[in-house]
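Here is the structure we will look at.
FYI, it's all coordinate maths here, none of it is from the lab. Predicted, not measured: the structure shown is a model, and the values here were computed from it. Here the Cβ is made from the backbone with ideal geometry for all residues, glycine too, and neighbour counts use every protein chain on show.
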Amino acid sequence: MAHSAGTMQGVAMHHYRALTTALTLTAAAVICTFGGQIAGAQQQPIKRTDLLKTYLPEMEGKEMQVWVADIPPGAATGPHFHPTPRFVYVLEGAVVLELDGKAPQTFRGGQAFVEMPGERHNFRNASTTEPAKALGFQYAGNNEPLQTNAP
């Protein structure tokens, strides 16, 4: 059985369109799957687990708070400041403290630093692929917020 040249071109064109459609759909599925995972990883918030909250009898009207912060890859607090000193001890990974007007400082597991009252700063995970963990200590007035977001 003989096929005309026109019929063969039509079959070839049909196969080409089917292949192109299949490749386009596959590429779209891959982009949706991995693009969503990447976007999700960048949007994970810092998780704070409170360990202790106690009143300080020597400092009337003040309380001490202690917590652990789990910092996902790429996570950051955004600009903010504190009403009282905040002491931070890095348990795992590395974090970056970005104080306004100063060079960013990186702190690794086993290192500690202080965020002074009123200093506008950002705190972030130094890695975009590995989580970090830090222990925080801060005293403040009873029911006073420990930080305020800055513009």
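Worth pointing out:
- Close pairs (8 angstrom Cβ cut-off, 6 or more residues apart or separate chains): part of a loop (DSSP other than H, G, I, E, B) in segment 128-151, among the aliphatic types (A, V, I, L, M) anywhere: PRO131/ILE71; LEU146/ALA140
- Filtered by the rule that a residue be in contact with a Lys or Arg (Cβ under 7 Å, 6 or more places away or on another chain) and buried (at least 17 other Cβ atoms within 10 Å of the Cβ), segment 78-93 gives PHE81, VAL90, GLY93.
- Meets criteria (closer than 18 Å to ARG48 by Cα and either acidic (Asp, Glu) or touching a residue at least 24 places away in the same chain (Cβ under 8 Å) (or both)) for ARG120: no
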